[in-house]
Amino acid sequence: GAGADNDLYINQAIVFIEDAIQYRSINHRVDSKSLWLYRCYYSRTCQWILSLTITVILALAFIEEPSSLTVTSDVRYRLPAWNPPCGLTESIELLCFLMFVIDVSVKSYLIGWKEFWKNKWLIAYILTLIVSLADWIVSLSFFCKENVRIRRILRPFFLLQNSSMMKKTLKSINSTLPEMASVVLLLAVHLSLFTMFAMLLFARTKDNQQDKEWVVYFRNLPDSLTSLLVLLTTANNPDVMIPAYSKNRAYSIFFILFTVLGNLFLMNLLTAIIYNQFRGYLLKSVQSSLFRRRLGIRAAFEVLSSLKETPAGAQQSCVSVGALLQVLQKVEMDSRCKQAIMRSLKMCSCDQLSAAQFQKLFEELDKDAVKQHPPSPEYQSHFMQKMQFAFGHPYFGYLGNVVALANIISICVVLVMDADKQLSERDDFFLGAINCFFILYYLLELLLKILAMGLKRYLSYPSNRFDGLLTVILLILEIATFAVYGFPHPGWRPEFMGLLSLWDMVRLVNMLIVFRFLRIIPNMKFMALVVTTLLDLVKNLRAFAGILLVVFYAFAITGIMLFKGAVQAFFIFNFLIQTPFSIKKVVVLYFKGKKVISWCSAHFQAEVIYCFLYVLSVHLIYRWAKIYFVAWWLISSVIWINLFVALLLENFIHKWDRRCQRESLSDIEYQRTVELMFRDVLEEPTEDELMEKLHQHPHLQLCR
């Protein structure tokens, strides 16, 4: 009946508006049961369970064999890592796979069979699960003793496919690759040409004493190419040029030219190209997100206009205000946006909303999140008003910064004076006394600011929360120090008591005081701009952090499989020649079962581990292993770091351009997302584009 149809339209509108809020596609089933399943799937509980499952399966690598998760990484002191019995981690893994099977099944059902074949991510999701389950079965059949486990490398895909923003970012990166490839090719040509020049310039001569450059760095083509590739990263600079430079200073011109052309020109050109191209592709991605939002809102309008209560004689489609209010009460959205839309509806004089009015109401979703600070308390007493004016004035905050600076300087002076003293010779009286004085001032400043601003207004500022929290922690530590060791006095050097020694307590207090000095950042506009830019990147660019995690995880698992058991032992060392200055040590190494013996000269007090690392770098890196490390350098450093720099520049330039508009609004904080960064340059979709896309919906039949 009409009532059932109206309930369906209301539920459809609710889901379409929630899709618009989250920038989700509306191409899914819209019948009553599917809508219930859809909202249940995207509920916080289900998404939290899915996120927990992804976290668990990624974290298994820390305890699976060959795990090295121990307190210390020093092979001489660490205990053997715990190896779980066969079947334990595999059982957890199977539960995760079952969750992913349910996840992909629900997703596939909701979008329908036709849309499933158009969705490459879902197809890849199913293929990944099939390969992972097959590898899991093989692992159990070998009683968990196999060396290669393909499913471990595939695990980051589960994180990747669960984030729409990560998929958009990856698509933008993929579109930027052709432009990156041109500069990378130019880098390869630059590297190849200078490799040829190096092999000709540092060719072998009759005098073996003068051939150190040839012996160490340019003996053959692979070594020459590797040496210059490492020089491009500046990791072996200036070591690579020292033998040639010692022979003739003019050889330095070759290395200077290589570094200037490669690092200063080509690498920075790559950054510029990535910034220009990636910004364009990310803009397109954000433009498509805006289109999804507008499409979801328009779809909600169309289904609400089909309600039976809509006037039959209306010349154009319209939606009643009452129907929209009914929908808004059930929609899960930010309370600020919901209240703003409801206020606009109550102020509206008409009972029916056109498509343009309906769309304009939901433009509230695109606005900056505005946070206004609560007002200060109003005191009746003239004395309290003066106190409020004095301690609420910015100059009182500047005084606090000066006191914090004096505290830092006093700590530095004491540390410099006590740097060469033995622990038994130190007198903690002076440091303890000044800490006590400054902490009391911080507490007094905290109380006076709360008196002037009120508790709610004080806590509404992040800098005040940071300052107040550290002040409370410092006060607690100081009280604990006095309770255990008594008050400071000359010769204050008590014996160790409790969990921490007196020196440990003093050091902890001083570290927190140094950390508290960051309170000056909000008072320095340019520094505050830089810090807020970084914080916005941390909050809003989680997609980039997710892809970075995917890259690190995949390379880490690949490295474990490639180099597992490569270094089996490296302990036996003998003193061949002992002098007051050096010891020559023999390091016995086993690489892939092959015994490698070499020696290196180390300082008298140096540890054998440093000698080992040198021998390892010289003898144990197989030529094919270079491919792994070069690929890691290209992806993580050359490409990804430049992508991060591009987004950092975009965010900073955006904030720099807008800072003048908002300097006078000190009581208002603006919080922006990635989509809002590009809001000023985005184009609104036209009516025809929206309606054409709606008529192509595979599951929604519109009345017009």
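Observations
- Computed about the Cα centre, the dipole magnitude for region 6-46 is approximately 160 debye when only Lys and Arg (+1) and Asp and Glu (-1) carry charge, each at its Cβ.
- The trypsin sites (Lys or Arg not before Pro) of region 145-192 that DSSP puts in a loop, and whose beta carbon has at most 10 other beta carbons within 10 Å, are 145.
- Taking θ as phi - 60° and the Karplus parameters 6.51, -1.76 and 1.60, the scalar couplings of region 391-398 work out to 8, x, 6, x, 5, 5, x, 5 Hz in sequence order, x denoting glycine and proline.
- For region 187-196, 3J(HN,Hα) computed residue by residue from phi via the Karplus equation (6.51, -1.76, 1.60; θ = phi - 60°) reads 4, 5, 5, 4, 5, 5, 4, 5, 5, 4 Hz, glycine and proline entered as x.
- Enclosed volume per residue, in Å³, of the convex hull spanned by Cα atoms of region 173-285: 90 Å³
- The spacing between region 171-231 and region 379-438, judged by their C-alpha centroids, is 56 Å.
- Modelled FRET efficiency - R0 25 Å, residue 334 with residue 287, Cβ distances, 0.05 increments: 0.65
- Spacing of the two label points (7 Å from each Cα toward its C-beta) at residue 164 and residue 376, in nm: 4.5 nm
- A straight chain from residue 402 to residue 385 at 0.36 nm per residue would run longer than the Cα-Cα distance by 3.6 nm.
- Separation of the residue 692 and residue 25 label points, Cα + 7 Å toward Cβ, nm: 1.9 nm
- Label-zone membership for region 106-144, site residue 33, 7 angstrom Cα→C-beta point, backbone N under 14 Å: 109-110
- Residue 556 paired with residue 196, simple spin-label distance in nm, labels 7 Å along Cα-to-beta-carbon: 4.3 nm
- For region 384-467, the list of trypsin sites (Lys or Arg not before Pro) that fall in a loop by DSSP and count at most 14 other C-beta atoms within 10 angstrom reads 421.
- Annotation: amide H-H contacts under 5 Å for residue 320 (H modelled 1.01 Å from N, sequence separation of 5 or more, or interchain): 353.
Laboratory data are not the source of any read-out in this text; all were calculated from the coordinates shown. No experiment lies behind these values; they were computed from the predicted model shown. Reconstructed Cβ throughout: ideal geometry from the backbone, glycine too, with neighbour counts over all protein chains shown.
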